[in-house]
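The values are calculated or read from the model by the stated rules, or taken from the named source; none is laboratory data. Keep in mind the model is a prediction, meaning the values are calculated, not measured. Neighbour counts run over all protein chains shown; Cβ positions are idealised from the backbone, glycine included.
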Amino acid sequence: MEKDTILVLIQLIGGNDSLNTFVPLASYEELTRHRANILIPQNKLLVHDKVGFHPAVSGLYSLYNAGELCLINNIGYPMPNRSHFRSMDIWNSGSPSNEQWNTGWIGRLLDLYHRKFPVGYPSSNFPDPLAISLGSIVSDTCQGQFHNFSHVVDNLDVFTEVDRCAISAYSNRAYGELMTYLDSTIKLSNLYTRQIESAAKKGNTLHNYPANNQLARELKIVSQLISGGLQTKIYVLSINGFDTHAYQTAKDDATQGMHSIYLKLLSEAVHAFTQDLKKLGHFNRVSILAYSEFGRQIKSNASFGTDHGDATSLFMIGNSLAAPMLGNLPVIGEHVEQQAGLSTEIDFRNFYSSFAEQWFGLPRQEAQSLFTAEARHYTLFKT
């Protein structure tokens, strides 16, 4: 991982309805048969060629028009699981759907280059956290074989260090070794906190971020830390609200409702972040991946919502993207079985391994070794 690149990973918690976010216009007539009570009117969509963007995601639409957003269509995994918890575990670990893994795909990636972590960290070569989780808990995605690589950051207003343990009082007891480990972990955390505080003081932001938007607040933190020279390469964030079983749309206006609210929060936050990175001169270094544990079913329900589905469409944002789309837009048939979801065309593990190879510079064999999926390579960036 010698390349000076950064990944910002955003989890859309709940299972985003991609069919109403990025509407495949060639199947619009079929969609009116299957989800008439929630489908965005065609004249309200933000249209670019064959895809109609939800009117709430005008920021993402502008990035797509600028060639800075790539849609990844029909992405999922074989034998999909419709449980929120199990499916997100599969996405975070990169495991087959019939196996339980206790490491995350980012954790395994970092294990390749930091096998002794946390012993000897921070160091002159790696003075800063290897990964940062925004919020209150470390990300499962960053769980390595023996240690989670992620450091938690909630805000840049207060920096609190944790009191060290009085190890000598426990050295001759049965749990002395555990206390020593706890103390070393606290020491590492405190050292990283000082590094983050230093970067926060040096950094700044140049673009206005939307108010009352938690994701925007956290992306502003990321931008400030990048600007301040923090060498962290992985940032993990999340936004809730995409489990839209009921009132995904308003009864009298499909452009309004809960889905519209959270899509707008997502779009405005991400757009502000990208504009800030451009003004700061760091956009070329940063790639954003948004993912969700599954899509929704093709047919809507009677509660103006959608239920758990299978594959979905996600997006990647960055500079020098190879194409505006990866995979084909979903094709919806005239007849759709009850509870049917979208079929998987792109295994997300092949997409992730291609990303790790091209963005972080991993040798292809190492990138593919992070997963057990049948190896398939995708070109994501211009060479």
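For the subset of segment 366-383 comprising residues that are among the small types (Gly, Ala, Ser) and out of contact with any strand residue (DSSP E or B) (no Cβ under 7 Å at 6 or more places or on another chain), which member is nearest to residue 73 (Cα to Cα)? Working first, answer last.
Step one: list which residues in segment 366-383 are among the small types (Gly, Ala, Ser), which gives 367, 369, 373, 375.
If we keep only those that are out of contact with any strand residue (DSSP E or B) (no Cβ under 7 Å at 6 or more places or on another chain) too, we end up with 367, 369, 375.
Details: 367: 22, 369: 24, 375: 18 Å.
By that ranking, first place goes to 375.
Have a look at 87, 58 and point out the one that is at pLDDT 95 or above, surrounded by fewer than 24 Cβ atoms within 10 Å (Cβ to Cβ) and within 26 Å of residue 354 (Cα to Cα).
None of the other options fit; the residue is 87.
Tell me, which residue of segment 317-334 that is farther than 15 Å from residue 74 by Cα, touching a strand residue (DSSP E or B) at 6+ places or on another chain (Cβ under 9 Å) and not β-branched (Val, Ile, Thr) is surrounded by the most Cβ atoms within 10 Å (Cβ to Cβ)?
318
Quick check: is even one residue across segment 295-307 more than 15 Å from the chain's Cα centre (by Cα), surrounded by fewer than 18 Cβ atoms within 10 Å (Cβ to Cβ) and of a type in the set (Lys, Arg)?
No; the residues of segment 295-307 include none that is more than 15 Å from the chain's Cα centre (by Cα), surrounded by fewer than 18 Cβ atoms within 10 Å (Cβ to Cβ) and of a type in the set (Lys, Arg).
In segment 343-366, how many residues are of a type in the set (A, V, I, L, M, F, W, C) and within 16 Å of residue 325 (Cα to Cα)? Steps first, please.
First, the residues of segment 343-366 that are of a type in the set (A, V, I, L, M, F, W, C): 346, 348, 351, 355-356, 359-360, 362.
Filter once more, keeping what is within 16 Å of residue 325 (Cα to Cα): 346, 348, 351, 355.
Of the residues in that region, 4 qualify.
I'd like the full set of residues that are in a loop (DSSP other than H, G, I, E, B) and under 26 Å from residue 82 (Cα atoms), limited to segment 343-382.
Correct list: 343, 344, 345, 370, 371, 372, 373, 374, 375, 376.
Looking at this structure, is residue 86 out of contact with any Ser or Thr (no Cβ under 7 Å at 6 or more places or on another chain) and within 29 Å of residue 344 (Cβ to Cβ)?
Details: out of contact with any Ser or Thr (no Cβ under 7 Å at 6 or more places or on another chain): yes; within 29 Å of residue 344 (Cβ to Cβ): yes.
Against the criterion (out of contact with any Ser or Thr (no Cβ under 7 Å at 6 or more places or on another chain) and within 29 Å of residue 344 (Cβ to Cβ)), residue 86 qualifies.
Take residue 383 and tell me if it is without any contact (Cβ under 8 Å) to a residue 60 or more places away in the chain and either in contact with a Leu (Cβ under 8 Å, 6 or more places away or on another chain) or surrounded by fewer than 17 Cβ atoms within 10 Å (Cβ to Cβ) (or both).
Considered against the rule, which asks whether it is without any contact (Cβ under 8 Å) to a residue 60 or more places away in the chain and either in contact with a Leu (Cβ under 8 Å, 6 or more places away or on another chain) or surrounded by fewer than 17 Cβ atoms within 10 Å (Cβ to Cβ) (or both), residue 383 comes out as yes.
Kindly indicate which of 186, 226 is under 24 Å from the mean Cα position of the chain (by Cα) and of a type in the set (Val, Ile, Thr).
Criteria check complete, one pass: 226.
Before we move on, is residue 289 more than 23 Å from residue 257 (Cα to Cα) and either in a strand (DSSP E or B) or at pLDDT below 95 (or both)?
Yes, satisfied.
Across segment 189-215, what is the total count of residues that are in contact with a helix residue (DSSP H, G or I) (Cβ under 9 Å, 6 or more places away or on another chain), surrounded by fewer than 17 Cβ atoms within 10 Å (Cβ to Cβ) and in a helix (DSSP H, G or I)?
So the count comes out to 2.
Of the conditions (1) under 30 Å from residue 356 (Cα atoms); (2) of a type outside the set (Ser, Thr, Tyr); (3) not in a helix (DSSP H, G or I), residue 272 clears all except one; give me its number.
Unmet condition: (3).
Any residue in segment 104-112 that is modelled with pLDDT of 95 or more, surrounded by 23 or more Cβ atoms within 10 Å (Cβ to Cβ) and at positive phi?
No, segment 104-112 contains no residue that is modelled with pLDDT of 95 or more, surrounded by 23 or more Cβ atoms within 10 Å (Cβ to Cβ) and at positive phi.
Considering only residues that are surrounded by 15 or more Cβ atoms within 10 Å (Cβ to Cβ), within 20 Å of residue 20 (Cα to Cα) and of a type in the set (Ser, Thr, Tyr), which ones fall in segment 335-372?
Result: 344, single match.
Can you work out which of the residues in segment 64-84 that are surrounded by fewer than 22 Cβ atoms within 10 Å (Cβ to Cβ) and aliphatic (A, V, I, L, M) is nearest to residue 321 (Cα to Cα)?
Filtering segment 64-84 for residues that are surrounded by fewer than 22 Cβ atoms within 10 Å (Cβ to Cβ) and aliphatic (A, V, I, L, M), the one nearest to residue 321 (Cα to Cα) comes out as 66.
Could you give me the residue pairs with C-beta distances under 9 Å whose first residue belongs to segment 220-231 and is surrounded by 22 or more Cβ atoms within 10 Å (Cβ to Cβ), whose second residue is part of a helix (DSSP H, G or I) and among the aromatic types (Phe, Trp, Tyr) wherever it lies, and which are 6+ apart or on separate chains?
222/273; 223/273
Which strands (runs of 3 or more DSSP E) sit wholly inside segment 1-103 and have at least 1 residues that are within 30 Å of residue 366 (Cβ to Cβ)?
Strands (runs of 3 or more DSSP E) meeting the threshold: 6-12, 69-76.
Can you find even one residue in segment 146-159 that is aromatic (Phe, Trp, Tyr), part of a loop (DSSP other than H, G, I, E, B) and either within 23 Å of residue 362 (Cα to Cα) or modelled with pLDDT of 95 or more (or both)?
Step one: of segment 146-159, the residues aromatic (Phe, Trp, Tyr) are 146, 149, 159.
Restricting the remaining residues to those that are part of a loop (DSSP other than H, G, I, E, B) gives 146, 149, 159.
If we keep only those that are either within 23 Å of residue 362 (Cα to Cα) or modelled with pLDDT of 95 or more (or both) as well, we get 146, 149.
Yes, segment 146-159 has at least one match.
Regarding segment 298-315, can at least one residue be identified that is of a type in the set (D, E, K, R) and within 24 Å of residue 206 (Cα to Cα)? Even if it seems obvious, please write down each step before you answer.
Within segment 298-315, the subset of a type in the set (D, E, K, R) is 299, 307, 310.
Subsequent filtering for residues that are within 24 Å of residue 206 (Cα to Cα) retains none.
Looking through segment 298-315, none of the residues is of a type in the set (D, E, K, R) and within 24 Å of residue 206 (Cα to Cα).
Which of the residues that make up segment 108-142 are under 17 Å from residue 195 (Cβ atoms), touching a residue at least 60 places away in the same chain (Cβ under 8 Å) and assigned to a loop (DSSP other than H, G, I, E, B)?
Those that are under 17 Å from residue 195 (Cβ atoms), touching a residue at least 60 places away in the same chain (Cβ under 8 Å) and assigned to a loop (DSSP other than H, G, I, E, B): 118, 121, 122, 126, 127, 128, 129, 130.
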